[in-house]
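Here's the structure we're looking at; comments come further down.
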Amino acid sequence: MSDIKSLNLTELQEEICTLGEKSFRARQIYEWMHKKLCESFSEMTNLSQSFREKLSGSFELTTLKMVCVQTSQIDGTKKFLFELPDKNSIESVWMRYKHGNSVCISSQVGCRMGCRFCASTIDGMVRCLSASEMLDQVYAIQRITRERVSNVVVMGSGEPLDNYDNVLKFIHLLSDENGLHISQRNITVSTCGLVPEIRRLANEKLQITLAVSLHASSNEKRRELMPIAKKYGLSELMEACRFYYEQTGRRLTFEYSLVGGVNDTAEDAAGLSRLLRGLHAHVNLIPVNPVKERSYTPSDKDTVQNFKNKLEKNGVNVTVRREMGRDIDGACGQLRRRYHENAESQ
C-alpha cells in the first residue's frame with residue numbers, strides 16, 4: 001500500500017482524485033496528519049465512515065510505537081526508543097533549550113559509515129527510513145510531550161545523505177506551511193562527508209544548516225576515525241563545503257568530537273584553523289561520548305578549553321556543545337543497542 005504520510009499535498013490531491021473523491025478532501029487529510037498529528041484514519045471525524053474505510057484499504061498511515069523513554073535527571077533531556085511498523089527500532093532525543101524545544105531524529109536503522117567512536121554503526125545498517133518514519137519521530141514526541149517542537153536536527157543514527165531522497169522529502173514536508181511549518185532555518189542536517197551529495201544538496205538551494213562531521217584536521221587522523229575519509233580526502237571535502245556556501249549563502253557548521261590523546265592537541269587546533277581559513281563556518285566542539293565497545297575517552301575540560309582558545313585566537317567561530325543526556329545513554333545508538341542486548345539475553 002502507498003505511504004500516505006510521505007506524500008506532499010499535490011501528490012495527495014492526485015491520489016484522492018484517483019479514488020473518485022473531491023480534491024479538497026486531500027487538504028482535510030493532510031491537516032489531520034501534519035497539523036493535528038492523528039495516528040489513524042478513524043480519528044479523521046470530518047470524513048465519512050465509508051471514505052475512512054476506503055483510505056484504510058488504500059494507504060498505509062505510518063505511526064511509531066514508543067517502546068521506552070529515558071529522562072535525564074540532570075537536564076530533563078528525553079531519549080525515546082520507537083518501534084517501526086516492521087518491528088525495527090530507532091532512537092530520537094528531545095532537548096529543552098531557552099530558545100525552544102529541539103528534537104534529534106534518526107534517518108536510518110543503524111549506519112554503514114563505520115565511524116570509530118559511534119555506537120549506531122557497530123552492527124551496520126539495516127535499512128533507510130521513509131520520510132514518514134522521520135516525520136513521525138517529531139510528531140510522536142510532540143504528541144507525547146504536548147509541547148511544540150521548534151528545531152529539528154537530523155543527527156541521530158544513520159547518515160542522512162546516504163538516504164538523500166527521503167531526507168529531502170522529509171525537509172519539504174516538515175517545513176510545509178500546511179503542516180507543522182518548522183522553518184528550514186531551524187532544521188539541521190548532518191553528514192560525515194559524502195562529497196557528491198553535499199554538492200547535490202547545495203543545488204537544492206535550501207535554507208537548512210548543514211553540519212559536517214570533521215573530527216580531524218589531517219587526512220591521516222581522519223582516516224583512522226572515519227572510513228569515509230579514505231574515499232573523500234579533506235581537500236575534496238572542503239571544496240564541496242565552499243561550493244555549498246557559495247550556492248546557498250548558509251554558514252556551515254563543523255562538528256569536531258574531541259577524543260582524549262587522539263585529535264585534541266595544539267597541533268590539531270592549528271591544523272583545523274588553517275583548514276577553515278576563509279570559509280564562513282562555525283565549529284562545534286564535542287567531548288566524545290564514551291561507548292563501551294570503543295576505547296575512546298573524552299578530552300578533559302582543560303584540554304577542551306585550550307583547544308577552544310587556540311581556535312578563537314586564530315579567528316575561528318567556536319562553541320563547546322552543551323552536554324545533554326549523558327546519564328541516559330546519550331550517544332547515538334546506545335539505547336537501541338542496550339535494549340536489543342537485554343532482549344537477546346532474556
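The values are calculated or read from the model by the stated rules, or taken from the named source; none is laboratory data. Every value quoted in this text rests on a predicted model; they were computed, and no experiment measured them. Here Cβ is always computed from backbone atoms with ideal geometry, including for glycine, and neighbour counts include all displayed protein chains.
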* To do: Looking at (1) touching a strand residue (DSSP E or B) at 6+ places or on another chain (Cβ under 9 Å); (2) over 19 Å from HIS172 (Cα atoms); (3) in the same structural domain as TYR139 (by TED's automatic domain parsing), find the lone condition where ILE105 falls short.
  => (2)
* Out of all the residues in segment 134-152, which are assigned to a helix (DSSP H, G or I) and either β-branched (Val, Ile, Thr) or surrounded by 19 or more Cβ atoms within 10 Å (Cβ to Cβ) (or both)? -> MET134, LEU135, ASP136, GLN137, VAL138, TYR139, ALA140, ILE141, ILE144, THR145
* Please indicate, with yes or no, whether at least one residue in segment 79-91 is touching a helix residue (DSSP H, G or I) at 6+ places or on another chain (Cβ under 7 Å), crowded, with 17+ Cβ neighbours inside 10 Å, more than 25 Å from ARG146 (Cβ to Cβ) and small (Gly, Ala, Ser). => no
* **Filtered residue count, segment 167-182, keeping only those that are touching a residue at least 60 places away in the same chain (Cβ under 8 Å) and either surrounded by fewer than 23 Cβ atoms within 10 Å (Cβ to Cβ) or not hydrophobic (A, V, I, L, M, F, W, C) (or both)** => 6
* Structure fact -> Filter segment 273-305 for residues that are in contact with a helix residue (DSSP H, G or I) (Cβ under 8 Å, 6 or more places away or on another chain) and either among the aromatic types (Phe, Trp, Tyr) or surrounded by fewer than 16 Cβ atoms within 10 Å (Cβ to Cβ) (or both); the one that is farthest from ALA211 (Cα to Cα) is GLU293
* Starting from segment 261-272, keep only residues that are crowded, with 19+ Cβ neighbours inside 10 Å, then list their pairs with residues that are aliphatic (A, V, I, L, M) and assigned to a loop (DSSP other than H, G, I, E, B) whose Cβ atoms are within a distance under 6 Å, requiring at least 6 positions of separation or different chains. => ASN263/ALA216
* Report yes if some residue within segment 99-118 is farther than 22 Å from TYR164 by Cα, modelled with pLDDT under 95 and surrounded by 15 or more Cβ atoms within 10 Å (Cβ to Cβ); otherwise report no. => yes
* Output the residue which, of all residues in segment 1-17 that are outside any helix (DSSP H, G or I) and more than 19 Å from VAL167 (Cβ to Cβ), is farthest from the chain's Cα centre (by Cα). => MET1
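Of all residues in segment 188-208, which are among the polar types (S, T, N, Q) and closer than 18 Å to GLY114 by Cβ?
SER190, THR191 - these are the residues of segment 188-208 that are among the polar types (S, T, N, Q) and closer than 18 Å to GLY114 by Cβ.
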* Is at least one residue of segment 75-91 in the same structural domain as PRO160 (by TED's automatic domain parsing), part of a helix (DSSP H, G or I) and either free of Cβ contacts under 8 Å to residues at least 12 places away in the same chain or not small (Gly, Ala, Ser) (or both)? -> no
* Taking GLU255 as meeting all but one of (1) assigned to a strand (DSSP E or B); (2) of a type outside the set (A, V, I, L, M, F, W, C); (3) at positive phi, write down the number of the exception. => (3)
* Structure fact -> Taking segment 213-244 and keeping residues under 22 Å from LEU311 (Cβ atoms), buried (at least 20 other Cβ atoms within 10 Å of the Cβ) and in contact with a Gly (Cβ under 6 Å, 6 or more places away or on another chain) leaves SER217, LEU237
* To do: Would you be able to tell me the number of residues in segment 276-322 that are hydrophobic (A, V, I, L, M, F, W, C) and out of contact with any strand residue (DSSP E or B) (no Cβ under 9 Å at 6 or more places or on another chain)?
  => 1
* Structure fact -> Note on ILE29: of the conditions (1) at pLDDT 95 or above; (2) surrounded by fewer than 19 Cβ atoms within 10 Å (Cβ to Cβ); (3) not assigned by TED's automatic domain parsing to the domain that holds ARG96, unmet is (2)
* Asked: So which pairs qualify, if the first residue must be in segment 99-112 and farther than 10 Å from GLN137 by Cβ, the second must be buried (at least 24 other Cβ atoms within 10 Å of the Cβ) and basic (Lys, Arg), the Cβ gap must be under 9 Å, and the two must be at least 6 apart or on different chains?
  -> VAL109/ARG336; GLY110/ARG336
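Go through segment 188-229 residue by residue and tally those that are among the small types (Gly, Ala, Ser) and assigned to a strand (DSSP E or B). Working first, answer last.
Applying the first criterion (among the small types (Gly, Ala, Ser)) to segment 188-229 yields 190, 193, 202, 211, 213, 216-218, 229.
Now restrict to residues that are assigned to a strand (DSSP E or B): 190, 211, 213.
Within segment 188-229, residues that are among the small types (Gly, Ala, Ser) and assigned to a strand (DSSP E or B) number 3.
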* To do: Write out, first by first residue and then by second, each pair whose Cβ atoms fall under 6 Å of each other, whose residues are 6+ apart or on separate chains, and whose first residue, in segment 3-17, is of a type in the set (Ser, Thr, Tyr) while the second is part of a helix (DSSP H, G or I).
  => SER6/ALA131; SER6/SER132
* **Criterion violated by GLN247 - all others in (1) surrounded by fewer than 16 Cβ atoms within 10 Å (Cβ to Cβ); (2) at pLDDT 95 or above; (3) part of a loop (DSSP other than H, G, I, E, B) satisfied** => (3)
* Structure fact -> When (1) in contact with a Ser or Thr (Cβ under 9 Å, 6 or more places away or on another chain); (2) assigned by TED's automatic domain parsing to the domain that holds VAL262 are applied to ILE16, the one that fails is (2)
